[in-house]
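Asks: Sharing a structure, written as structure tokens. Questions coming.
The values are calculated or read from the model by the stated rules, or taken from the named source; none is laboratory data. What you see is a predicted model, and the numbers here were worked out from it, not measured in a lab. Neighbour counts are summed over all protein chains in view; Cβ atoms, including those assigned to glycine, are modelled from backbone coordinates with ideal geometry.
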Amino acid sequence: MPATRQDAPAEPPAASPFLSVVVTAYRRRQYLLEAVRSVVASPLDPATYEVIVVKDFSDPSTDSELVRLGPHVRLVTVDLPRMGDSLARGIEESRGELLAFLEDDDRFLPDKLGSVVARFRADPTLGFLRNAYRAIDAEGRPVETWERFRPVPSTGRTLDPRKMAGGDLPWVFRFSPNVNVSSMAIRADVVRPWLDALRTVTAALDSFLFTTALVSDRTLRVEPERWNEYRVHASLSHSAIEDTSGRLDLRDTARSLPTARVMADLVRQRPGHPLAERFCRAFELEVAVTIFLLDPTASLGPDEWLAFLRSALARRQRYLLVPWLYCLYRWVSPRRAIEAYRRRRSRTLRLAAAAPPP
């Protein structure tokens with residue numbers, strides 16, 4: 001599909017910081033209009049932000065509705081092979097000093113944009129901001145069980161990637177500020193140097209964005225306030241809710257391994273950021289172990305197995321001992337271990353999403 005776009009508007013006003021919201025619709029369309037409407041519902045002055053919608057489909061009815069939302073909404077219709085391509089294209093089209101992101105099936109709450117601008121304006125050293133979110137289902141109803149499995153911090157935390165504190169790594173893995181693109185905002189100069197790498201990414205875009213901040217010389221801030229809604233449903237990101245065979249779960253997990261290696265390459269290019277080094281190594285090990293427990297053709301060496309144990313202890317997450325022990329089971333009885341682990345992962349996700357038994 002050839003790329004189409006609206007004519008670019010005039011240069012943004014001098015008021016700083018100007019915010020660009022990049023909305024991506026990749027292989028999905030049913031929630032897009034609702035998502036963009038949630039952005040323009042903000043009380044923030046439309047002259048101080050723009051919305052760039054990057055989608056891989058053309059629909060005259062949807063397009064006309066989007067255009068009617070205001071001149072600060074711009075459409076880019078282009079069929080790109082990877083999710084990273086779509087996000088990179090939106091960033092290229094943006095004019096803002098600040099970038100916020102929204103996936104097509106999520107929604108912003110009204111105070112999201114104003115809160116993001118206020119935080120960055122108050123702290124010129126801030127490079128990355130991640131807020132908490134509310135979970136909703138396919139129909140937009142609250143998913144109360146989600147926070148039992150995805151806890152929200154009671155207070156905010158500032159991370160300095162150049163001076164990792166002793167508790168930073170366990171805190172990051174407990175509260176997952178690397179998860180959910182729609183909860184993230186970042187200074188454009190933090191992520192723009194890495195657009196070529198972003199274009200290669202097929203999964204875990206949120207962890208990639210988090211890593212670009214970890215290898216910058218700016219601080220990261222995690223806020224406990226809920227500024228958006230995250231839709232938990234049988235989609236690209238939660239296909240295992242309805243598929244209990246493990247096939248889709250394996251497919252999605254396998255896509256994260258190349259992303260983990262791209263993240264590790266960022267760290268090699270920008271040494272001197274200890275939190276980034278340890279986060280990326282832990283992320284890659286967890287993905288490799290998960291693939292080993294889902295894929296009967298995958299292999300895992302004793303060195304990786306022991307490194308995963310050390311990583312689990314450093315992260316202070318006892319639940320990681322379960323997949324570590326499953327690896328022993330996998331070496332003894334591969335078929336039974338894989339079937340048991342697939343059932344466990346599916347059951348956990350379904351409990352978190354309040355989904356009925358299959």
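Asks: Just to confirm my filter: which strands (runs of 3 or more DSSP E) fall fully inside segment 92-204 and include at least 1 residues that are under 24 Å from E34 (Cα atoms)? Break it down stepwise before answering.
Replies: Numbers: elements: 98-103, 126-136, 157-159, 184-187.
By residue number, 98-103, 126-136, 184-187.
Asks: Test of understanding: among R255, R251, R261, R231, which residue is closer than 30 Å to E339 by Cα, out of contact with any helix residue (DSSP H, G or I) (no Cβ under 6 Å at 6 or more places or on another chain) and crowded, with 19+ Cβ neighbours inside 10 Å? Don't jump to the end; show me each part of the working.
Replies: On the way: R255 fails: crowded, with 19+ Cβ neighbours inside 10 Å; R251 fails: crowded, with 19+ Cβ neighbours inside 10 Å; R261 fails: crowded, with 19+ Cβ neighbours inside 10 Å.
Matching residue, one of R255, R251, R261, R231: R231.
Asks: Determine, yes or no, whether L66 is surrounded by 21 or more Cβ atoms within 10 Å (Cβ to Cβ) and either closer than 15 Å to R29 by Cα or in contact with a Pro (Cβ under 6 Å, 6 or more places away or on another chain) (or both). Steps first, answer last, please.
Replies: Working: surrounded by 21 or more Cβ atoms within 10 Å (Cβ to Cβ): yes; either closer than 15 Å to R29 by Cα or in contact with a Pro (Cβ under 6 Å, 6 or more places away or on another chain) (or both): yes.
For L66, the condition - surrounded by 21 or more Cβ atoms within 10 Å (Cβ to Cβ) and either closer than 15 Å to R29 by Cα or in contact with a Pro (Cβ under 6 Å, 6 or more places away or on another chain) (or both) - is met.
Asks: Tell me which residues, restricted to segment 316-340, are assigned to a helix (DSSP H, G or I) and under 26 Å from R278 (Cα atoms). Please lay out each step first, then the result.
Replies: Filtering segment 316-340 down to residues assigned to a helix (DSSP H, G or I) leaves 318-332, 334-340.
Of everything in segment 316-340, those that are assigned to a helix (DSSP H, G or I) and under 26 Å from R278 (Cα atoms) turn out to be R318, Y319, L320, L321, V322, P323, W324, L325, Y326, C327, L328.
Asks: Can I ask one more? List every residue pair whose Cβ atoms lie under 6 Å apart, where the two residues are 6 or more positions apart in sequence or sit on different chains, the first residue falls within segment 254-265 and is without any contact (Cβ under 8 Å) to a residue 40 or more places away in the chain, and the second residue, located anywhere, is crowded, with 17+ Cβ neighbours inside 10 Å and in a helix (DSSP H, G or I).
Replies: These pairs meet every condition: L257/V287; A264/C280.
Asks: Answer yes or no: is there a residue in segment 295-311 that is buried (at least 19 other Cβ atoms within 10 Å of the Cβ), assigned to a helix (DSSP H, G or I), at pLDDT 95 or above and of a type in the set (A, V, I, L, M).
Replies: No, every residue in segment 295-311 fails to be buried (at least 19 other Cβ atoms within 10 Å of the Cβ), assigned to a helix (DSSP H, G or I), at pLDDT 95 or above and of a type in the set (A, V, I, L, M).
Asks: Also, quick follow-up: Could we say that R247 is basic (K, R), outside the structural domain of V54 (by TED's automatic domain parsing) and touching a Ser or Thr at 6+ places or on another chain (Cβ under 6 Å) here?
Replies: Working: basic (K, R): yes; outside the structural domain of V54 (by TED's automatic domain parsing): yes; touching a Ser or Thr at 6+ places or on another chain (Cβ under 6 Å): no.
Here the answer is no, as R247 does not meet what is asked.
Asks: Working carefully through the options E11, E50, find the one that is of a type in the set (D, E, K, R), at pLDDT below 90, assigned by TED's automatic domain parsing to the domain that holds I136 and more than 21 Å from S235 (Cβ to Cβ). Step through it out loud before you land on a result.
Replies: Values: E50 fails: at pLDDT below 90.
Just one listed residue meets the conditions, E11.
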